[in-house]
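Below: one structure, written as structure tokens.
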Amino acid sequence: MASCNCMMILSRSYLTALSPAHSFSSSSLVSFNPFSRIEPLHFRPRRGHPASKPPLSVSASCSLEALIFDCDGVILESKHLHRQAYNDAFSHFNVLCSPSSGPLYWDSDFYDVLQNRIGGGKPKMRWYFKEHGWPSSTIFSEPPENDADRAKLIDTLQDWKTERYKEIIKSGTVEPRPGVLRLMDEAKAAGKKLAVCSAATKSSVILCLENLIGMDRFQSLDCFLAGDDVKEKKPDPLIYLTAAEKLGVSGKDCLVVEDSVIGLQAATQAGMSCVITYTSSTADQDFKDAIAIYPDLTDVSIIKVEIE
């Protein structure tokens, strides 16, 4: 029986993990300005990450037929962009969880924790308001008390946030993470199926892909799924199970590229191997179930090593 071994090759001799501290510290509100500068990322060295060791290669036995990318955190470093868009929405609609405080503001440390626990924008807000109280706003002068009004509040905030996020992406200041485009092209050239699976809204993911990987690569994808396409968000495996079905391949023959433990759990529960390319906010997560862990995809290549 024919079998194939697929190997992730890393030629970099030493990797340094970078991560910010995680806490729930508060920050003062920055007034909303739709043309404000995008907040920069800040990195701080962290010792002891598994990827700081110098492995030259990590292998996984598989019959690799499909390569699947997450979008946010993998194709682009998006955490600070989404957080900025949420805070702009909270300011725009004067979202007040406490009458004595200013508009809701998610600081960087808190958002690191939030995004790595809950996938999808609406679930994030729904969880936050259930924990901290439903807010007043220019949408509802009093905190909504029934499910219909609460859904309207979240839908309105999410829609406005998505449009703000689009403005940021269209600004021309955002680029794909290192190695992403080359790896996509390499997979296609090798005859592998290529897919993108993201928990974000379809409109925002389409915009990111059109602007960051280009129309030709986007249109050549064999499968594209967003949060709108599935009922359950990551870490539920549904989006990856659906992708495998649409691609016509077995989960065990798919390799997923993720940046967070939520995505890793979704991939492994779908029976797929997963490579982690971590970000500043996910570098210290537990990726023990990943077949490889890298700071980015610069030196990562998928090659067929042996066919028997």
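Rule-based calculations on the coordinates, nothing more; no lab input. Since we're looking at a predicted model, the values are computed, not measured. Virtual Cβ from ideal backbone geometry, glycine too; neighbours counted across all protein chains shown.
The dipole here belongs to the range 58-164: it is taken about the Cα centre, uses +1 on the Cβ of Lys and Arg and -1 on the Cβ of Asp and Glu, and is about 100 debye.
Considering only Cys208, Val174, Ala187, the residue lying farthest towards the positive end of the dipole of the range 173-225 is Ala187, judged by Cα position with unit charges set on Cβ.
For the pair Ser98 and Ala190 in one chain, pulling the backbone fully straight at 0.36 nm per residue adds 27.6 nm over the alpha carbon distance. Spacing of the modelled spin labels on Asp149 and Thr173, each 7 Å from Cα toward Cβ, amounts to 3.8 nm. Under the rule a/c < 1.5 gives rounded, and otherwise a/b versus b/c splits prolate from oblate, where does the range 183-255 land using the Cα gyration tensor? Judged from the Cα gyration tensor, the range 183-255 comes out oblate (a/c at least 1.5, b/c at or above a/b).
Between Glu142 and Leu221, take the C-beta separation as r, use R0 = 45 Å, and let me know the FRET efficiency to the nearest 0.05. Efficiency at R0 = 45 Å is approximately 0.50.
Give the shape of the range 186-308 as rounded, prolate or oblate, defined through the alpha-carbon gyration tensor: a ≥ b ≥ c are the square roots of its eigenvalues, a/c under 1.5 means rounded, and otherwise the shape is prolate if a/b is larger than b/c and oblate if not. Rounded shape, in that the Cα axes give a/c under 1.5.
For the listed peptides 231-243, 72-84, a ranking on the average number of other beta carbons within 10 Å per residue, highest first, reads 72-84, 231-243. Candidate cross-link partners of Lys161 among the lysines, defined by an alpha-carbon separation under 25 Å and a same-chain spacing of 8 or more, comprise Lys79, Lys122, Lys124, Lys130, Lys152, Lys170, Lys202, Lys231, Lys233, Lys234. Does the range 227-297 classify as rounded, prolate or oblate by the C-alpha gyration tensor (a ≥ b ≥ c root eigenvalues; a/c under 1.5 gives rounded; else a/b over b/c gives prolate, otherwise oblate)? Note, shape of the range 227-297 comes out prolate. Find how many whole Å separate the alpha carbon centroid of the range 74-94 from the alpha carbon centroid of the range 125-143. Computed from Cα coordinates, the inter-centre distance equals 18 Å.
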